[in-house]
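The values are calculated or read from the model by the stated rules, or taken from the named source; none is laboratory data. Keep in mind that this is a model prediction, so the values were computed, not measured. Methodologically, a virtual Cβ is constructed for each residue, glycine included, from the backbone with ideal geometry; neighbour enumeration extends over all protein chains shown.
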Amino acid sequence: MIEDLIGLVGLFLLMAVQVVIPPIPAEVIVIWAGHQYGVAASTLVAGSGLFLGSMLVYRIGIFVHERYNRFECPNCNILKIK
């Protein structure tokens, strides 16, 4: 039981890192996890990891944009966070 929990936490972290480091193939990870932990648990955990990783990359992008003020667009207010 505890091995499965550690494995699912590892899957979550691996999927979050996979968004930041693109060369890690998500398809291979998800197929292996589906076989190991079941389709429902793997889908929920892997999807949550992908969501967290995407939000992390998005926030890093906003930070870099605000910090270094690159790619100015005077008419673009897309990245303005209130």
Legend entry - Filter result for the condition that a residue is under 19 Å from the mean Cα position of the chain (by Cα), modelled with pLDDT under 90 and loosely packed, with under 12 Cβ neighbours inside 10 Å, over F63, F71: F63
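From the list F63, F51, which one is assigned to a helix (DSSP H, G or I) and farther than 19 Å from L8 by Cβ?
That would be F63, the only listed residue that is assigned to a helix (DSSP H, G or I) and farther than 19 Å from L8 by Cβ.
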